[in-house]
Amino acid sequence: MAASSTSRLESINLKERIGSTLTLSALALWALVIFYAYTLAMPRAQYGVLFIAGAIGVYILNELEDVVAESEYLDAALLVLSLLVTIVVTAYVNLNFRALNIDRVGYAFQHEYVLAGAFVAVIIYLSWRSFGLTFLSILIGSLLYGYFGDLIPGLLGHSGLSTTRLLLLLVLDITGFYGFLTQLVAAWIALFLLYAGLLEGYGAFDLIFRGAVRTSKYIDSGVAQTAVVASAVIGSINGSQTANAGMTGSFTIPMMKENGIKPSTAGGIEAVASTTGQVLPPVMGAGAFIMASLLGISYITVITAGLIPATIMMVCIVIAVHYIASHQLDVIDVDEVLDELDDRSRRDTLVDTAKFIVPFFVLVYTLGVIQLTVMTSALYTVITMLITGISFPVAQAVYESRSVTTEVKATLSDTVAGFRRGAVITAPIAIILAAINGVVDILMTTGVPGILTLSMMEISGGIMIVAVLISMVICILLGLGMPTTAAYTVVALLVAPTLVSRFLVPELSAHFFVFYGAILSGLTPPIATCAAVAAGIANADFVDTCYEAIKVAAPLFVLPFSFIYHPVIVSGSLGPAALFTGLLILLGGISIIHGINYRFESGKGKRIAIGSIFFVAGVLTMVYPSATVQYAGAAVIITLFVVQQIMMNGISVGDSVRS
């Protein structure tokens, strides 16, 4: 008994030491990121090598905390070995950076191949731990495809890449795992993820959640809309719809269930809200940065192009959630819910609001008005967040004659927690993007994009609608189980070029098409990772949750096709033509939602017929390339709405007369 207690104490002490090391590692990682952003004191490729090593270290230490607590010694040994390999490889690459990156590109010594092989094994293992068998199969499959290409018959065959060529490509030439995606995360995305971590550390998500709950006073479906608002806002920053569903769903789903919403409906709403957050400007789940980099255009152009479709999407989803949730919800006491959430005063709320609004205005001003670089804007935003996050609560303590020392300690603790949280969010995203960079480099070297183009042209027969439908299926399949940034990168490099070169789709339209298509994988069975996480939290059936999610998100499956046939809405222009076309497409999206989710007061057969008319008219209005057909569809939708309202008012009057 005594031995068992001693063992538990040792395990607890070890976990605490690992936790402290994790915190220090997170602080060191952010010190590196801020130092580079401020000084640009080294080549970006070399900075990328250091950054990915820091991210791997944070990830391994975070995993070790749980592994040690559960006494999983084999996992602990593999994680420690992975950490040691990463340290050795990173030190070697940095000490020999010029030789590897410039002097000896395409050639390496035998011991360097051994180090590279060990690092490839580490990336494979950590990718599997982070994202499971789905992504592992993609990674292993790309390696096997690269190596055994000479054995593959037909169009997909190639001359094959030797083991040494693969190791040079993936590690030693400072490409592959250290390539442009890793460098992009390190230079652009990381600072925004730090911003997200600080927002969480300083309590921004609680503020957003409280504000969303207050809408329940004015909207019947207010509690459900809370999930939409909170998850969308938070999801727009954190870069992973699945992680977002786990984070925000842990409190939005139980709250919806407690107030009468069915478990599968609650899970479906959360899954859709977490997914839609990934395409909301100004961050778009970090995908906006990659899109701007791939297209060689300004970040402002990307987020401007994303405004109209994001508005269409959010309006449709808010309406769908209202239809689905309003008849399920119980009547709640909003003030009581808010009291349970927080007992903060109105002054606290005002201070918190100002604390978060000032850095956001800095972000908008630096990016949108004076148009500094993304990295510089993110740096200034983070610095402002640190200043307001610490100084505002301290100033409030001085004003209220509370202990300044206590408040300083509390805010510093929140700051460290924010740094740690930001690093923990960043680490798995950095690892999978490094792995994706390796996959992409192999596929590009073996000529897969060209093969895919020829195959798509052959299958589609040169007919655009067939090619676009095939492209959507490919995007959903390639996006399975991956964060937004990783999923988008793969389809942007493999699918979008075909749409641009062979079907003359504008570049922005093609990239927004594949971007939206990739995130739909989180809602699409049989994998539907985002819906699976939400179903697990809701303790609901997976298939039922997917069904509820698709009912809410139905226009989201049609909207990407609008980018192809009505590219003006993602052209980066907010002129009259774009706005008018956007309104037509929005009307079509609302019609789809109405047809699927509205509770028509009629027999089952009539309900299906009316709903089908709304649905078909909505799809035609959203997608059909002919303006005449769009206008006709819009006219049908408006006429149906008017007739429905007249009939409902007639029924209400008749009921009143009879009573």
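Table: residues versus (1) on the phi > 0 side of the Ramachandran plot; (2) at pLDDT below 90.
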{"position": "Val89", "(1), (2)": "no, no"}
{"position": "Gly132", "(1), (2)": "yes, yes"}
{"position": "Phe135", "(1), (2)": "no, yes"}
{"position": "Tyr145", "(1), (2)": "no, no"}
Problem - For Ser403: the one exception among (1) surrounded by 13 or more Cβ atoms within 10 Å (Cβ to Cβ); (2) without any contact (Cβ under 8 Å) to a residue 40 or more places away in the chain; (3) farther than 27 Å from Pro282 by Cα - result: (1)
Exercise for the section: Out of Leu81, Leu40, Leu50, report the one residue that is open to solvent by 20 Å² or more (accessible area, probe 1.4 Å), closer than 18 Å to Val120 by Cβ and out of contact with any strand residue (DSSP E or B) (no Cβ under 9 Å at 6 or more places or on another chain). Expected result: Leu81
Practice task
Being open to solvent by 70 Å² or more (accessible area, probe 1.4 Å) and at pLDDT below 85 is the filter here, so list the residues in the range 154-182 that pass it.
Solution key: Leu155, Leu156, Phe180
Exercise for the section: Find the residue count for the range 344-386, including only residues that are over 22 Å from Ala187 (Cα atoms) and not hydroxyl-bearing (Ser, Thr, Tyr). Expected result: 12
Exercise for the section: Please give the number of the condition Glu458 fails out of (1) of a type in the set (Asp, Glu); (2) more than 30 Å from Asp173 (Cβ to Cβ); (3) open to solvent by less than 60 Å² (accessible area, probe 1.4 Å). Expected result: (3)
Problem - Test result for Thr484, crowded, with 24+ Cβ neighbours inside 10 Å, among the polar types (S, T, N, Q), in contact (Cβ under 8 Å) with a residue 40 or more places away in the chain and within 20 Å of Ile308 (Cβ to Cβ) - result: yes
Practice task
Looking only at the range 231-267, count how many residues are assigned to a helix (DSSP H, G or I), at pLDDT below 75, touching a Ser or Thr at 6+ places or on another chain (Cβ under 6 Å) and not polar (S, T, N, Q).
Solution key: 2
Exercise for the section: Check the range 373-389 and report whether any residue there is in contact with an Asp or Glu (Cβ under 8 Å, 6 or more places away or on another chain) and at pLDDT 90 or above. Expected result: yes
Handout entry: Qualifying residues in the range 86-114 (those that are assigned to a helix (DSSP H, G or I), hydrophobic (A, V, I, L, M, F, W, C) and open to solvent by 40 Å² or more (accessible area, probe 1.4 Å)) - the one farthest from Pro428 (Cα to Cα)
Key = Ile102
Exercise for the section: Scan the range 521-558 residue by residue and report those that are crowded, with 24+ Cβ neighbours inside 10 Å, of a type outside the set (S, T, N, Q) and within 18 Å of the chain's Cα centre (by Cα). Expected result: Gly522, Leu523, Ala528, Cys530, Ala531, Val533, Ala534, Ala549, Ala553, Leu556
Completion exercise
Checked the range 502-520 for anything modelled with pLDDT of 85 or more, open to solvent by 10 Å² or more (accessible area, probe 1.4 Å) and part of a helix (DSSP H, G or I); matches are Phe503, Glu507, Leu508, His511
Handout entry: Which listed residue is without any contact (Cβ under 8 Å) to a residue 40 or more places away in the chain, closer than 26 Å to Thr242 by Cβ and in a helix (DSSP H, G or I), from Leu493, Leu469
Key = Leu469
Fill in the blank from the handout: Ser20 fails exactly one of (1) without any contact (Cβ under 8 Å) to a residue 24 or more places away in the chain; (2) hydroxyl-bearing (Ser, Thr, Tyr); (3) more than 22 Å from Ser413 (Cα to Cα), namely (3)
Exercise for the section: Check off (1) within 17 Å of the chain's Cα centre (by Cα); (2) surrounded by fewer than 17 Cβ atoms within 10 Å (Cβ to Cβ) for Ile436 and give me the number that stays unchecked. Expected result: (2)
Handout entry: Test for Glu70: is it more than 29 Å from Gly438 (Cβ to Cβ) and at pLDDT below 95
Key = yes
Practice task
All but one of (1) farther than 30 Å from Glu458 by Cβ; (2) assigned to a helix (DSSP H, G or I) hold for Leu166, so report the exception by its number.
Solution key: (1)
Practice task
May I ask you to list pairs of residues, at least six apart or on different chains, whose Cβ atoms are under 7 Å apart, with the first in the range 420-433 being surrounded by 24 or more Cβ atoms within 10 Å (Cβ to Cβ) and the second being not in a helix (DSSP H, G or I)?
Solution key: Ile429/Gly239; Ile429/Ser240; Ile429/Pro483; Ile432/Met482; Ile432/Pro483
Practice task
Filter the range 584-630 down to residues that are among the aliphatic types (A, V, I, L, M), exposed (fewer than 15 other Cβ atoms within 10 Å of the Cβ) and within 22 Å of Val570 (Cα to Cα) and give me whichever is modelled with the lowest pLDDT.
Solution key: Ala627
Exercise for the section: Would you point out the residue of the range 390-400, among those that are part of a helix (DSSP H, G or I) and exposed (fewer than 15 other Cβ atoms within 10 Å of the Cβ), that is modelled with the lowest pLDDT? Expected result: Tyr399
Problem - Residues located in the range 521-531, provided they are more than 22 Å from Met284 (Cα to Cα) and either charged (D, E, K, R) or in a helix (DSSP H, G or I) (or both) - result: none
Exercise for the section: Determine whether the range 277-298 contains at least one residue that is surrounded by fewer than 22 Cβ atoms within 10 Å (Cβ to Cβ), of a type outside the set (A, V, I, L, M), in a helix (DSSP H, G or I) and at pLDDT below 90. Expected result: yes
Exercise for the section: Starting from the range 198-226, keep only residues that are under 11 Å from Val321 (Cα atoms) and at pLDDT 65 or above, then list their pairs with residues that are of a type in the set (Phe, Trp, Tyr) and open to solvent by 10 Å² or more (accessible area, probe 1.4 Å) whose Cβ atoms are within a distance under 7 Å, requiring at least 6 positions of separation or different chains. Expected result: Thr226/Phe209
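The values are calculated or read from the model by the stated rules, or taken from the named source; none is laboratory data. Just so it is clear, the structure is predicted and the values come from calculations on it, not from any experiment. Cβ sites come from the backbone with ideal geometry, for glycine too, and all protein chains shown count toward neighbours. Remember, those area values only see protein heavy atoms, side chains included, never the ligands or the DNA or RNA. Shrake-Rupley method; radii C 1.70, N 1.55, O 1.52, S 1.80 Å.
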